[in-house]
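A.B. asks: Can you keep this structure in mind? I'll have questions shortly.
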Amino acid sequence: MSGIAWTLVALAIGVIVVRRRSIAVALVTAQAFVLAGAALTEGTSADDVVAATALGVRGVVLAALFLFLVRRTRETRPVPVGVAPLARAAAAVTLALTLIWLVPPFGLDTHEAEQATLSLVALGLVTAAMRRATLFQVLGIVLVENGLALAALSLPGEPSLAIEIGVAVDLLLVALVAGVFHERIFAEFGAGDTAALRSLRDS
Amino acid sequence: MTPREWLVTLVLVLPLIGVAAAAATPSALLSRVMTGMAALTALAALTLATVALLEPTHRVLGRWIVVDPAGGIIVGVIACVGVASAFVSPQFLSMRRGSLFQAGRADRIYWATFFAFWAVLLAVPLAGNLGAAWLAIEATTAASALLVGFSGRARALEAGWKYLILTSLGLGVALLGILMLESAAGGGGIETLTWRTLPHASLDPDVAVVAYVLLLAGLAAKIGWAPVHNWLPDAHSEAPAPVSALLSAALLPAVLLVAWRSQQALAPTIGVRTSGGVLVGFGLVSLAVAVPFLWQSQAWKRLLAYSSLEHMGVIALGVGFGGTLALAGVAIHVVGHALAKALGFYAATPLLAHEPRASGHGVGGIGTTQPALGVSLGVSLGALAGLPPSPLFVSEVLIVAGGFQVGRPWAAGAAAILLALGFLGLAHALIDTVIGKPRGRDRHPALGLRAVTTMTIVVVPLLLALTVAALWLPDSAIVQGLIRGLG
């Protein structure tokens, strides 16, 4: 599980630094397939196969949705960078290390799985907070959910299949709704740039 | 299945039938069929709430379903606000100018999304375990975000986007807390996370504290507790008025119930002082953040949104204190807030028709220019401010007294000061809105006023009855049921 865990973290760091939306979509999709593969190879029961299938289907549907959105909202030029890629990566790594330092061991199968879970949650939060492009903010949510999927796969004992499938369905719904908003924001402002969403402010 | 479990099933299935009906009903009959379905759903939900409250000791504690007094109160609130929102929705839809969706399909999508939101909202207080409760809460996000952005205007898109992203990230953090609890308990799947078994789980206290803080911090983003409340004023002010009422009066307390149940379930491991202290902290911070905004001249719906921040803070204080007085106050506060806040949001539809600038600015002298509307706004704001004989006055006194009762005098004292400041802010807004100097020059007929006036006539005696009930409630079996929780 150790190699898988750190592969997931490396892919997530890629999402934080890359500029092109399609590459970032490819990276989170690769994460989903790595997770599904891990569930299949390390699983011991029929429930694990179902969990792996759910992760794989989730990854494929999300990839299709995001690539559809990328095609429908072609940008003449990428959304301007708010924070430089290296600064984003540094912030993400700092938050990940802080979380690892603060949270005591909580009983997943391996210590690496715990550290990778916390890292993926941190990387997802930083992606959503620091990237201005709407699609990247949704990918931040997917990174967090991929971290949580890793934790679910590394739980001691049998996973709760109903909850795992429910989480996957909920994520698909949220991504679908985010897609509706992304398209409409693009149509309204000419770019999927959250910097345009700043009219609702109180002093 | 027992009769109660059948009733729960009916409560959850009826709004889903509403979703199907929204898709299948001819356009000419859409509003009538949907309000009819809303009445059926509310009838079933109110029956369940009544059963849960009349026999508070007779609980259903299943793996997937719970029925208890706390859940009964929230189900009753969701039923009342849901059906009232459905009844005022046709007026809103007849006045809408644009939509996120194609004009020909917009009304149908509104109703389908409304009933989907209502269905998952009703599932939150009835969920028998933490995992299922999380799923229902997350599902409310997807449905309600579409409703927040329904008008398709730039400001609504901004509000809907913020709501979707911030609450989804928050719920991701909450799910991390849930997974930590399950892992620390040694796995065991869903059985570990049921409300009846979680209090007895063998957990490392250090892990349990971290998991609890993550869980509450994540849920706080959905409840709108400061400092993770940024989406709340935007979403509540930009959503259609019937949806704003559901968000504020029903969704926030429903999610707060899950936070409270988590506190009760983890208190045996991490201690009542610590677990309650986190809630008290969120409550005080929310009050402190809300008060300055209540002192400013705000657009009507934005003022109500900041009032939601204040009232969710008050409820957090109540559940954090615990004890008979504070929990009696919480029960009264949840219901009183729902009635007054829903009326305030419904009144926004005729208010915006009467004075369009009210969408972005504070209004004045509505009691002069449109007296019936002024009365509705005055009743809502007066009750929310805690102006006697509002039940919220009694509930706030009970909650503050409850803080002293359980030995948290500093928190109770700070809450009393912040509540007094909040009262002054809202009282000023009340005077300005109802009997102040009229500001806008561009006034029109207050469309939809009849429905709001009828609701005001219904709400006033209910609020007064609640004030009377508050005097009897602390010694009741309902409050004993709230204290006992689900363990």
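A.B. asks: What aspartates and glutamates could a cross-link reach from B:LYS222, if we take a straight Cα to Cα line under 16 Å and drop same-chain neighbours fewer than 8 places away?
C.D. replies: Cα-Cα hits under 16 Å: A:ASP170, B:GLU138, B:ASP234, B:GLU310.
A.B. asks: Mind checking which of B:LEU471, B:PRO409, B:ALA446 is farthest towards the positive end of the stretch B:271-487's charge dipole, using Cβ charges of +1 (Lys, Arg) and -1 (Asp, Glu) about the Cα centre?
C.D. replies: B:ALA446
A.B. asks: Let me ask something else. Using the basic label-point model (7 angstrom from Cα toward the beta carbon), what is the B:LEU387 to B:ARG484 distance in nanometres?
C.D. replies: In this crude label model, B:LEU387 to B:ARG484 measures out at 4.1 nm.
A.B. asks: Here's another thing I want to ask about it. Treating the beta-carbon of each Lys and Arg as +1 and of each Asp and Glu as -1, no other charges, what is the dipole magnitude of chain A about its Cα centre, to the nearest 20 debye? Intermediate results must be reported in sequence, preceding the final value.
C.D. replies: On the way: 14 positive and 15 negative charges, 267 e Å.
Dipole magnitude for chain A comes out near 1280 debye.
A.B. asks: Would you mind classifying the stretch A:2-195 by shape? Square roots of the alpha carbon gyration tensor eigenvalues, ordered a ≥ b ≥ c; an a/c under 1.5 is rounded, otherwise it is prolate if a/b is larger than b/c and oblate if not.
C.D. replies: On the way: a/c = 2.33, a/b = 1.41, b/c = 1.65.
Note, shape of the stretch A:2-195 comes out oblate.
A.B. asks: Give me the distance in nm between label points sitting 7 Å out from Cα along the Cα-to-Cβ direction at A:ALA30 and B:ILE17, one decimal.
C.D. replies: 5.1 nm
A.B. asks: Which is the longest part of chain B that has none of the trypsin sites (Lys or Arg not before Pro) sitting in a DSSP loop with at most 13 other Cβ atoms within 10 Å? Kindly include the intermediate steps, with their values, before the conclusion.
C.D. replies: Values: sites that count: B:ARG97, B:ARG441.
Of all site-free stretches, the longest is B:98-440.
A.B. asks: State the Cα centre-to-centre distance between the stretch B:1-68 and the stretch B:204-268 in whole Å.
C.D. replies: Cα centres, the stretch B:1-68 to the stretch B:204-268: 24 Å.
A.B. asks: I would also like to ask the following. Roughly how crowded by other chains is peptide B:149-155, in terms of the mean Cβ count from those chains within 10 Å of each of its Cβ atoms?
C.D. replies: Details: counts 5, 0, 0, 3, 1, 8, 3.
The shielding value for this peptide is 3.
A.B. asks: Where does helix A:46-72 land angle-wise versus the long Cα axis of chain A, in degrees 0 to 90, nearest 10?
C.D. replies: Between helix and principal axis, roughly 10 degrees.
A.B. asks: Between B:GLU55 and A:ASP202, what is the FRET efficiency for a Förster distance of 51 Å, r being their Cβ-Cβ separation, to the nearest 0.05?
C.D. replies: Values: r = 46 Å, r/R0 = 0.90.
It comes to 0.65.
A.B. asks: As an exercise, use a Förster radius of 30 Å and the Cβ-Cβ distance of A:ALA64 and A:LEU40 to find the FRET efficiency, rounded to the nearest 0.05. Don't skip to the end; give the middle numbers.
C.D. replies: Details: r = 21 Å, r/R0 = 0.71.
Once the sixth-power term is evaluated, E becomes 0.90.
A.B. asks: Sticking with this one: Per residue of chain B, what 222 nm ellipticity follows from adding -39500 (n - 2.57) for every DSSP H run with n ≥ 4, rounded to the nearest 500? Kindly include the intermediate steps, with their values, before the conclusion.
C.D. replies: Working: 19 runs with 369 residues, N = 487.
Mean residue ellipticity at 222 nm (helix-derived): -26000 deg cm²/dmol.
A.B. asks: Okay, next question. Using the alpha-carbon atoms, what tilt in degrees (0 to 90, nearest 10) does helix B:300-321 show relative to the longest principal axis of chain B?
C.D. replies: Its long axis makes an angle of about 20 degrees.
A.B. asks: Using only Cα atoms, find the angle between the long axis of helix B:130-148 and the longest principal axis of chain B, and express it within 0 to 90 degrees, rounded to the nearest 10.
C.D. replies: 10 degrees
A.B. asks: Please give the charge dipole size of chain B, origin at the Cα centre, charges +1 on K and R Cβ atoms and -1 on D and E Cβ atoms. Round to the nearest 20 debye.
C.D. replies: Working: 26 positive and 18 negative charges, 224 e Å.
Dipole about the Cα centre, nearest 20: 1080 debye.
A.B. asks: In debye, nearest 20: dipole of the protein assembly as shown around its Cα centre with unit charges on the Cβ of K, R (+) and D, E (-)? Present the calculation step by step, with values, prior to reporting the outcome.
C.D. replies: On the way: 40 positive and 33 negative charges, 480 e Å.
In debye, rounded to 20, the protein assembly as shown gives about 2300.
A.B. asks: Also, I was wondering about something else. Taking every residue in A:163-172, how many Cβ atoms of other protein chains lie within 10 Å of its Cβ, on average? Intermediate values should be presented prior to the final figure.
C.D. replies: Working: counts 13, 1, 1, 7, 6, 0, 4, 12, 4, 1.
Going residue by residue through A:163-172 and averaging, the value is 5.
A.B. asks: Which value in nm describes the separation of the simple spin-label points at B:TRP64 and B:THR454, placed 7 Å from the Cα toward the beta carbon?
C.D. replies: Taking the simple label geometry, B:TRP64 and B:THR454 are separated by 3.8 nm.
A.B. asks: How large is ³J(HN,Hα), in whole Hz, for each residue of the stretch B:418-435 in order, when computed from phi with the Karplus curve 6.51 cos²θ - 1.76 cosθ + 1.60 and θ = phi - 60°, using x for Gly and Pro?
C.D. replies: Those phi angles translate into 5, 5, 5, 5, x, 4, 4, x, 6, 5, 4, 5, 4, 4, 4, 5, 8, 10 Hz.
A.B. asks: If you don't mind, there's one more thing I want to ask. Which Cα, out of A:ALA152, A:LEU102, A:PRO85, lies furthest along the positive dipole direction of the stretch A:2-195 (beta carbon charges, K/R +1, D/E -1)?
C.D. replies: A:PRO85
A.B. asks: Partner chain Cβ atoms within 10 Å, averaged over the residues of A:175-183 - can you pull that number for me? It would help to have the intermediate numbers written out before the result.
C.D. replies: Numbers: counts 3, 2, 12, 7, 0, 8, 12, 2, 1.
Across the residues of A:175-183, the mean count of other-chain Cβ atoms within 10 Å is 5.
A.B. asks: FRET efficiency for A:ARG71 and B:LEU40, Cβ-Cβ distance as r, R0 = 30 Å, nearest 0.05?
C.D. replies: Working: r = 43 Å, r/R0 = 1.45.
In this case the efficiency is close to 0.10.
A.B. asks: Placing +1 on the Cβ of each Lys and Arg and -1 on the Cβ of each Asp and Glu in chain B, which of B:TRP300, B:ALA427, B:GLY186 has its Cα farthest towards the positive end of the resulting dipole?
C.D. replies: Projecting each Cα onto the dipole axis, the largest value belongs to B:TRP300.
Bear in mind that the values in this text are calculations on the coordinates, not laboratory data. Values in this document were obtained by computation on a predicted structure and should not be read as measured data. Every residue, glycine as well, gets a Cβ built from its backbone with ideal geometry; the counts of neighbours run over all protein chains shown.
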